[in-house]
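Undergrad: Sending over a structure as structure tokens; questions will come in a sec.
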Amino acid sequence: MPRPRRVTLLASLLALSLLYTLYHHHHRTPSSPPLHAIPLDCPSHPDLSDILVILKTGVTESRDKVPIHLTTTLRCIPNHALFSDYVEPLSPTIATHDVLASLSPALIATNPDFDLYRRVRAAGPSALTPADLNPDINTPIGKPNNPGWKLDKWKFLPMLDEALLLKPDAKWYVFMEADTYILWDNLLGWLKRFDPREAVYLGNQMQIVDAIFAHGGSGFILSKPAVVRAVEHRKRSSDGWERAVGEHWAGDCMLGILLEDVGIDLTWAWPMMQIAPPGEMDYFSLGYERRPWCYPAVSFHHLEAAGIRELDEMERTRTERGEKGPVLYRDVFLELMRPGLRDVRPDWDNRVEGEPVSVPSFAACRGVCSREALCLQYAYNETAGECRTSQVLALGQAQPGGGLSAGWMTERIDAMAESLGECDEISWI
């Protein structure tokens, strides 16, 4: 007697389901073991197993700038690596990778940008000279008198190859620098809004001539398909790309051009990724038709060790208080910047760049600001008897012995912060 059709159909569906499960069990890409053991007190973030974090550094800065990250930014990241121009152990368990070693021997042997690299590879850090450690002034074309900075532009393209070799099963590749801080909970929440199977390129947008690219210091993120397409495209003409990098001054721009060549556009990430530290951000104003206030903060740049530690402590404190949800720029302002804004701070530079006005005292300078309806801060140079005011807020930093005092219109600032609200709705890109 034939079976009822409904039972036959159900059996067929169960069989197909079993075959599908067995197929994907045997054909899925196995997840590689983590590159590092993480401390037991680190929060559980399963999504981190799909991410490789690359911290790009160099021999002129690595021993000063990298160690703080090993106890803060990278402490709970199971898959991270240090890409540099010199192999050296920066902790008992972590060494740097020479990301330039794969470039052509002729380029390394003859290009003047590699003078520092050749000397240090032959004799170690003792070969560094005072000129190598010259911080130089940041100009519209970078730091042309800083040997480490000139060498740095060559790292951007080969580090894609090295990252892919190091963890080929990653879904996301996150690139940062030694003066960058990334808020991982916010980044993970953000990445869930994108499909890692697509070619994705996220970063703080910059432009040189007609090239749009992600600013390297702010950090940037690439999905695996984006990395694979860029690596394969560069392999077709590695000599040509070396010549192109040699003729340009910005490695992050060249990376943007490479990605554009394979049809991958940048997703503009400002204000979630920042070129500035928390104390130099403008939290109130619009930029690119966006106001930072209710956006999650993902990265900050140009940070000293103290600034990195401060951000790490802020995140830890929020966790200990049981606060949920992403850290917004509103939170960063209220917790890190607002406490430093006072009516007066002697020996302090709050980065006011307005036109100078001659006044006899600090009190008179405050009076000038108070009469300007939109003035938020002011600075008085006692030596010159000059007052400057600004409608843009900045915290700045100490400047001992310069005769400069800073002040803020705290009542106006608090009123502006209150007017922007408590962010009932979070803005994402």
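The values are calculated or read from the model by the stated rules, or taken from the named source; none is laboratory data. Small disclaimer: the values here were computed from a predicted structure and weren't measured. Using ideal geometry, Cβ is built from the backbone for each residue, glycine included, and neighbour counts are taken over all protein chains shown. Ligands, DNA and RNA are excluded from the accessible area calculation, which covers all protein heavy atoms including side chains. Shrake-Rupley method; radii C 1.70, N 1.55, O 1.52, S 1.80 Å.
Undergrad: From the alpha carbon gyration tensor of segment 342-417, can you work out the equivalent ellipsoid semi-axes (sqrt of 5 times each eigenvalue) and give them in Å, largest to smallest?
TA: 18, 14, 10
Undergrad: Provide the per residue accessible area, probe 1.4 Å, for the chain, rounded to a whole number of square angstrom.
TA: Accessible surface, normalised per residue, equals 50 Å².
Undergrad: Continuing with the same structure: Using DSSP loop states and a limit of at most 15 other Cβ atoms within 10 Å to flag trypsin sites (Lys or Arg not before Pro), what is the longest stretch of the chain containing no flagged site?
TA: After excluding every exposed loop site, the longest remaining stretch is 76-191.
Undergrad: ALA269's amide H: which non-local residues (gap 5+, or another chain) put their own amide H closer than 5 Å, with H modeled 1.01 Å from N in plane and none for Pro or chain starts?
TA: Those qualifying (amide H under 5 Å, at least 5 residues apart or on another chain) are GLY203, ASN204, GLN205.
Undergrad: For segment 187-243, compute Rh as the Kirkwood radius over C-alpha pairs and then the Stokes-Einstein diffusion coefficient at 25 °C and 0.890 mPa s; write the answer in µm²/s, rounded to an integer.
TA: It diffuses with D of about 189 µm²/s by this estimate.
Undergrad: Roughly speaking, what is the centre-to-centre gap between segment 264-333 and segment 45-115 when only Cα atoms are used, to the nearest Å?
TA: 24 Å
Undergrad: Then there's this: Give me the lysines in straight-line cross-link reach of LYS324: C-alpha distance below 20 Å, same-chain residues under 8 apart excluded.
TA: LYS192
Undergrad: If you roll a 1.4 angstrom probe over the protein chains with everything in place, what fraction of the accessible area of the chain belongs to carbon and sulfur, to the nearest %?
TA: Carbon with sulfur: 54 percent of the solvent-accessible area.
Undergrad: In square nanometres and to one decimal, what's the mean projected area of the convex hull around the Cα atoms of the chain?
TA: The Cα convex hull of the chain, projected and averaged over all directions, gives 28.5 nm².
Undergrad: Determine the percent antiparallel among the DSSP beta bridges restricted to segment 46-268, to the nearest 5.
TA: Of all bridge pairs located within segment 46-268, approximately 45 percent are antiparallel.
Undergrad: Assuming R0 = 22 Å, what is the FRET efficiency of VAL228 and ARG290, from their Cβ-Cβ distance, to the nearest 0.05?
TA: Given R0 = 22 Å and the Cβ-Cβ separation, E is 0.10.
Undergrad: Indicate, rounded to the nearest 5 percent, the antiparallel portion of the DSSP beta bridges found entirely in the chain.
TA: Antiparallel bridges make up about 65 percent of those DSSP assigns within the chain.
Undergrad: Name the lysines eligible as straight-distance cross-link partners of LYS155: C-alpha to C-alpha under 26 Å, and not fewer than 8 places from it in the same chain.
TA: LYS56, LYS65, LYS143, LYS167, LYS171, LYS224, LYS235
Undergrad: While we're on this one: Normalised by the residues of the chain, what does the relative contact order come to in percent, with Cα pairs under 8 Å and at least six apart?
TA: Over the chain, the number comes to 12 percent.
Undergrad: Of PRO339, SER62, ALA394, which is farthest on the positive side of the dipole of the chain, counting Cα position, with +1 on Lys and Arg Cβ, -1 on Asp and Glu Cβ, and the Cα centre as origin?
TA: Value: SER62.
Undergrad: To the nearest 0.05, how large is the calculated FRET efficiency for SER49 and ASP414 if R₀ is 45 Å and r is the Cβ-Cβ distance?
TA: The computed FRET efficiency comes out at 0.55.
Undergrad: Next up: Do the sum for the chain: with -39,500 (n - 2.57) for every DSSP H run of n ≥ 4, divided by all residues, what is the mean residue ellipticity at 222 nm, to the nearest 500 deg cm²/dmol?
TA: -9500 deg cm²/dmol
Undergrad: Sticking with this one: What residue among PRO196, PRO92, PRO144 has the largest mean-square fluctuation in a Gaussian network model of the chain, using Cα springs under 10 Å?
TA: PRO92
Undergrad: How much FRET efficiency would the formula 1/(1 + (r/R0)^6) give for ARG318 and ALA109, where r is the Cβ-Cβ distance and R0 is 56 Å, rounded to 0.05?
TA: 0.65
Undergrad: Need the full-extension length gain, GLU386 to SER91, defined as separation in residues times 0.36 nm minus the C-alpha distance. One decimal, nm.
TA: 101.3 nm
Undergrad: Which percent of Cα-Cα pairs in segment 46-268 sits in each 5 Å bin, short to long?
TA: Calculated P(r), rounded to whole percents: 1, 6, 15, 20, 21, 17, 12, 6, 1, 0.
Undergrad: Unpartnered cysteines of the chain (Cβ-Cβ under 4.7 Å counts as a partner)?
TA: CYS253, each lacking another Cys Cβ under 4.7 Å.
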